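Remarks on the structure that follows.
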Amino acid sequence: MRAVIFSNGHIEEPQWIVDLLDEDDFLIAADGGLRYVLDLNRVPDVLIGDLDSVSDENLRDMTQKQVEIIRFPPEKDQTDLELAIEEVYARGCRDIIIIGALGGRFDQTLANLSLLTDSSHSGLRISLDDGSEKVSLVEGRIEILGAKGDTVSLIPYCGPVEGITTRGLAFPLKGETLYPGKTRGISNEMLSARVEVTIKKGRLLCIQTRKNKGRKND
């Protein structure tokens with residue numbers, strides 16, 4: 001089961017999200033992210049958070065539609081998004097897409113990126129997507145699906161990343177190392193609809209910038 005989490009970040013023209021959703025996706029709204037689910041004329045499976053960004057009217061509507069509501073006190077140590085990730089992880093979801101976690105407040109964006117690296121979530125495939133950009137963490141191997149001309153940037157996370165090999169990029173890496181503080185992995189280009197990145201040691205942030213917003217094929 002794939003989970004799609006709607007966060008309360010900034011999203012322009014949310015209709016692109018329709019192209020990313022499957023009918024059997026498990027939809028979870030993290031607090032104010034509910035508005036994006038409603039904009040798509042969908043109903044979430046779960047609404048979670050302290051709900052300070054959810055109107056009384058929408059809360060009543062979700063109750064009437066028998067949506068599962070998990071409410072936390074405002075004085076909590078985790079963001080609504082982190083709570084949502086933990087909830088779907090506990091339900092057995094290992095494939096997670098997060099919508100609305102990029103852009104807006106810079107501190108929130110950095111915190112959201114750090115959620116990709118939580119070591120307690122073993123075996124989790126998680127990405128942040130805003131339609132134009134998709135951010136994933138590479139540990140071992142990742143396959144990137146997109147289109148010729150998409151931009152791919154590889155950024156070492158928390159230390160050097162060794163043994164990087166890429167297939168399908170204009171400027172290939174062949175068992176090489178990328179270092180923090182250097183920019184060699186920035187702004188590569190996809191030569192086809194499929195790219196493979198493998199690494200031997202370390203963790204990479206992979207940022208895919210699409211030519212066409214919100215494509216279904218990745």
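Residues in the stretch 11-38 that are under 23 Å from residue 107 (Cβ atoms), in a loop (DSSP other than H, G, I, E, B) and more than 14 Å from the chain's Cα centre (by Cα): 12 only. Going through (1) touching a helix residue (DSSP H, G or I) at 6+ places or on another chain (Cβ under 9 Å); (2) surrounded by fewer than 21 Cβ atoms within 10 Å (Cβ to Cβ); (3) modelled with pLDDT of 85 or more one by one, residue 121 falls short only on (3).
All of 58, 41 fail the test of being over 27 Å from residue 117 (Cα atoms), at pLDDT 95 or above and not in a strand (DSSP E or B), apart from 58.
Before we move on, is residue 108 under 16 Å from residue 7 (Cα atoms), out of contact with any strand residue (DSSP E or B) (no Cβ under 6 Å at 6 or more places or on another chain) and of a type outside the set (A, V, I, L, M, F, W, C)?
Yes; evaluated as a whole, the condition is true for this residue.
Here residue 45 clears all of (1) surrounded by 15 or more Cβ atoms within 10 Å (Cβ to Cβ); (2) in contact (Cβ under 8 Å) with a residue 24 or more places away in the chain; (3) more than 18 Å from the chain's Cα centre (by Cα) except the condition numbered (2). The residue list 161, 195 contains one member that is surrounded by 18 or more Cβ atoms within 10 Å (Cβ to Cβ), over 29 Å from residue 82 (Cβ atoms), of a type outside the set (Asp, Glu) and not assigned by TED's automatic domain parsing to the domain that holds residue 102, which is 195. If you go through the stretch 73-85 and keep only what is surrounded by 15 or more Cβ atoms within 10 Å (Cβ to Cβ) and not in a helix (DSSP H, G or I), you end up with just 79.
Only residues that are more than 14 Å from residue 7 (Cα to Cα) and out of contact with any Lys or Arg (no Cβ under 9 Å at 6 or more places or on another chain) were counted across the stretch 32-54, and they come to 4. The set of residues in the stretch 55-103 that are of a type in the set (Asp, Glu) and either outside the structural domain of residue 28 (by TED's automatic domain parsing) or farther than 19 Å from residue 10 by Cα (or both) comprises 56, 57, 61, 68, 75, 77, 86, 87, 95.
Note on the stretch 1-10: residues that are part of a strand (DSSP E or B) and surrounded by fewer than 19 Cβ atoms within 10 Å (Cβ to Cβ) total 1.
The values are calculated or read from the model by the stated rules, or taken from the named source; none is laboratory data. For clarity, every value in this text was computed on a predicted model and none was experimentally measured. Ideal geometry is used to build each Cβ from the backbone, glycine not excepted, and the neighbour counts take in all protein chains shown.
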